[in-house]
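The values are calculated or read from the model by the stated rules, or taken from the named source; none is laboratory data. Since the model is a prediction, treat every value here as computed from it, not as a measurement. Cβ sites come from the backbone with ideal geometry, for glycine too, and all protein chains shown count toward neighbours.
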Amino acid sequence: MIRYLLSALLFIHGLLHLLGFAKAFQLGNITQLTREISKTAGLLWLITALVFTVAVVFFFLDHSSWSLLCLSGIVLSQLLIISCWHDAKFGSIANLLLLAAALPAFGLRQFNRKVKAEQTALLSTVMPVSGKLVSEADLQPLPAMVQQWLRHSGVVGKPMVKSLRLKQTGRMKLKPGSDWMSFSATQYFNTVEPAFIWDTRVEMMPLIFFNGRDKFENGKGEMLIKMMSLVNLVNEKNNPQVNSGSAIRYLAEMCWFPSAALSNYVTWQGVDSLQARATLQVGEELVEGLFTFRPDGELVSFEAERYYGGGPNARKERWLITNTGYKVFDGCRIPYRSSVSWKLKEGEFTWLELEVKEVIYDL
C-alpha cells in the first residue's frame, strides 16, 4: 500500500509541474498560477515534471537511482515553488513527504554500493578451486571427534571450500528485555585468507529500520550500524575488542564451511570424546573456542569467551551458539538453524535466532 501511495504522490506531484510549463507557453487558461512565468522558467517546470516521472518508472523497476532522481526533482521543485510562493506553496508539503522517503532510499543506495565494493575486494584474492580433494589422510592429524564431524558433514572427497555466500533470516534483540526484531542478511566468506562481510537489514518497527555491516579482514574487525541508512549508531574499527570478537565469530561460523577446519590457521586439541578446542590465528589475533558434538559427528554448539560490547570497558562473557536444525546444501551437511546467547551474570540472554536459507560454495 505504501509503495502505491508513494508512486502516486511522485506521479501526481510531477504532473502538477506541467502547469508552470503550460503557463509559460500559454497552453490554455492556467488560473492556478497568477504570476507570469518566463519561457526559461517554464522549461524548468517541464524538466522537473520529467525528472519526477522518470523517478516513478525507476521506483517501479526497483532501480536504486530513483532516490537520486527524486532528490534532484525535489530541489528543482522547491526552487520553482519559492519563485511562485503565493500560488504553489502547498507543493512544499509534497516535497517534504517525498524527501522523507527518498533520503533513506538514497542512504541505502550509498550503503549498498559501499558493501558491494567491499564484497568484491574480499573475493578478489580467491583463486579458482584446485583439483585436490579432501582425503581421509588429511583428517588423521585431527582429534577423533573433529574427524567424525568432517566425515558427517560430507567434506571428504570434495575440494576445500575457498569462498561462499549465504543468506539468512531470523530475529534479534538489542538488549535483555527488548522486543524481537526481524532481520535478513547476506554474508560472504573468503576462507583462504580468513575474512567475512555480513550485511543485514533489521526491521525495528513499521517504516523504521537500520542497516548493519560486520567485517573481518586481515585480523581486523569492523562494525557499522546506520539508522535508516543515514545516521551512524555504531562505527567501530581499529578496536581490540571488535578485532577479537570478529575473529571468534569467524571461528564459530566455520560450521558453515567445515573444510576450513583443515586450514593451517586453525589448530585443534581434543578435550574429551565429544568436545574439541579450536584456536584461530590471523596475523596477531589469536582466539579460541570450544566445539561440542554428538557421537554421530553432528555439531551441537560452540562456546567462547567474547567481549560483550565493543567499547574500551567491554568485559568478556561466555558466548554460546546452539544449533537446532541441520540441512544439506550442495552436498555439505551444516547447521541451518541456530540461536546465539550471552551467559551473563544476570542470566542467559538469547539475542539472535537465525535460519540459513541459501549457501553457494566457491563463487
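Can you spot a residue in region 190-212 that is at pLDDT 95 or above, within 21 Å of residue 326 (Cβ to Cβ) and touching a strand residue (DSSP E or B) at 6+ places or on another chain (Cβ under 7 Å)? Yes, region 190-212 has at least one match.
Scanning region 121-172 for residues that are small (Gly, Ala, Ser), under 27 Å from the mean Cα position of the chain (by Cα) and farther than 21 Å from residue 333 by Cβ yields 121, 124.
Only one of the numbered conditions (1) closer than 30 Å to residue 196 by Cβ; (2) among the polar types (S, T, N, Q); (3) modelled with pLDDT of 95 or more is not met by residue 48, and that is (1).
Just so you know, in region 47-60 the residues that are among the β-branched types (Val, Ile, Thr) and either under 25 Å from residue 86 (Cβ atoms) or outside the structural domain of residue 84 (by TED's automatic domain parsing) (or both) include one that is surrounded by the most Cβ atoms within 10 Å (Cβ to Cβ), and it is 48. Taking the condition of a type outside the set (Gly, Ala, Ser), outside any loop (DSSP other than H, G, I, E, B) and either in contact with a Phe, Trp or Tyr (Cβ under 6 Å, 6 or more places away or on another chain) or in contact (Cβ under 8 Å) with a residue 40 or more places away in the chain (or both), does residue 145 pass? When the stated conditions are applied, residue 145 passes them.
Of all residues in region 61-85, those satisfying the criterion of being surrounded by fewer than 20 Cβ atoms within 10 Å (Cβ to Cβ), over 21 Å from residue 40 (Cα atoms) and touching a residue at least 12 places away in the same chain (Cβ under 8 Å) are 64, 65, 68, 71. In the condition set (1) at positive phi; (2) in contact (Cβ under 8 Å) with a residue 60 or more places away in the chain; (3) loosely packed, with under 14 Cβ neighbours inside 10 Å, residue 177 is compliant with all but (2). Within region 116-142, the residues that satisfy the criterion of being touching a residue at least 40 places away in the same chain (Cβ under 8 Å), assigned to a helix (DSSP H, G or I) and over 19 Å from residue 358 (Cα atoms) are 118, 122, 138, 139. Scanning region 37-46 for residues that are of a type outside the set (D, E, K, R) and surrounded by fewer than 16 Cβ atoms within 10 Å (Cβ to Cβ), we see that the one that is nearest to residue 11 (Cα to Cα) is 43.
Filter region 326-340 down to residues that are of a type outside the set (Asp, Glu) and surrounded by fewer than 19 Cβ atoms within 10 Å (Cβ to Cβ) and give me whichever is farthest from residue 303 (Cα to Cα). Here the answer is 331.
Taken over region 181-231, the criterion of being part of a loop (DSSP other than H, G, I, E, B) and without any contact (Cβ under 8 Å) to a residue 40 or more places away in the chain is satisfied by 206 alone. Being of a type outside the set (D, E, K, R) and in a loop (DSSP other than H, G, I, E, B) is the requirement here; does residue 64 meet it? Considered against the rule, which asks whether it is of a type outside the set (D, E, K, R) and in a loop (DSSP other than H, G, I, E, B), residue 64 comes out as yes.
Quick one: in region 342-363, of everything that is of a type in the set (Asp, Glu) and more than 18 Å from the chain's Cα centre (by Cα), which residue is surrounded by the fewest Cβ atoms within 10 Å (Cβ to Cβ)? The selected residue is 346.
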